[in-house]
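Data block below; observations after.
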Amino acid sequence: MQKDKKIEIKYVTKQNAVVIGLICLMAGFTAGVLFTSYKLSLSNPSPEKKQSIDYSKKETALKNELSENPGNVTAWTQLGHVYYDTDQYAKAIAAYEKSLKIVPGNANVLTDMGVMYRRNKQPGEAINSFDKAIAADPKHESARFNKGIVLMHDLNEQDKALAVWENLLSINPVFMSSKDQSLDELIKHYRDH
């Protein structure tokens, strides 16, 4: 009889170990999810936090840095971003141009500069900037999409815009033109109308 009892106790111990292991696994998983959510909330601030950026202080700090280190490509690019975010198109273009003189061919800077040219009512310069970005990085999706926007809405060249976007779809078939609309849906909309 004693022998049967020992076997029963070992069986219960293994069962408890499995249950405890599962509980620990679930607790670790939950803690990981919570930690990741917390870290993401820090790296992606809410719109309220984004609005609290003091662009004038940032601009002053960058200008001070550039007065001491005029070859600081990162500071020129960041200054361009400050002007981009504050809708100072001509100043953004000038800062991006200085960044590109130091490090030519940065597709991201060229694309941002193209957007600023568009907003500054210079669609031809925007197209040139997007073309340079595409030459620097043939798979640069944002440059291709924005080139299509300028062709479609500013230069009224629908066929060229659609061709640019269709080429973009060959690079990324699931490209989203907005959070609610895929690029292929946008193309279909223009083709149908």
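Quick note: the coordinates plus some simple rules give every number you see, no bench work behind them. Model, not experiment: these values are computed from the prediction. In this analysis, Cβ positions are derived from the backbone assuming ideal geometry, glycine residues included, and neighbour counts consider all displayed protein chains.
Among 152, 116, the order by Cβ neighbours within 10 angstrom, fewest to most, reads 152, 116. Listed by chain and number, the aspartates and glutamates placed with their C-alpha closer than 20 angstrom to that of residue 57 are 48, 65, 68, 85, 87; residues fewer than eight positions away on the same chain are left out. Peptides 136-147, 88-99, 173-184 ordered by packing proxy, namely the average of other Cβ atoms within 10 Å per residue, highest first: 88-99, 136-147, 173-184. Step through the table entries 132/188; 63/121; 160/188, compare each Cα-Cα distance with 18 Å, and write down the pairs that go over it. The answer is 132/188; 63/121.
Which value, in debye to the nearest 20, gives the size of the charge dipole of the range 53-192 about its Cα centre, when Lys and Arg are +1 and Asp and Glu are -1 at the Cβ?
260
Using the Cβ of residue 58 as centre and a radius below 11 Å, the other residues enclosed give a net charge of -2, where K and R count +1 and D and E count -1.
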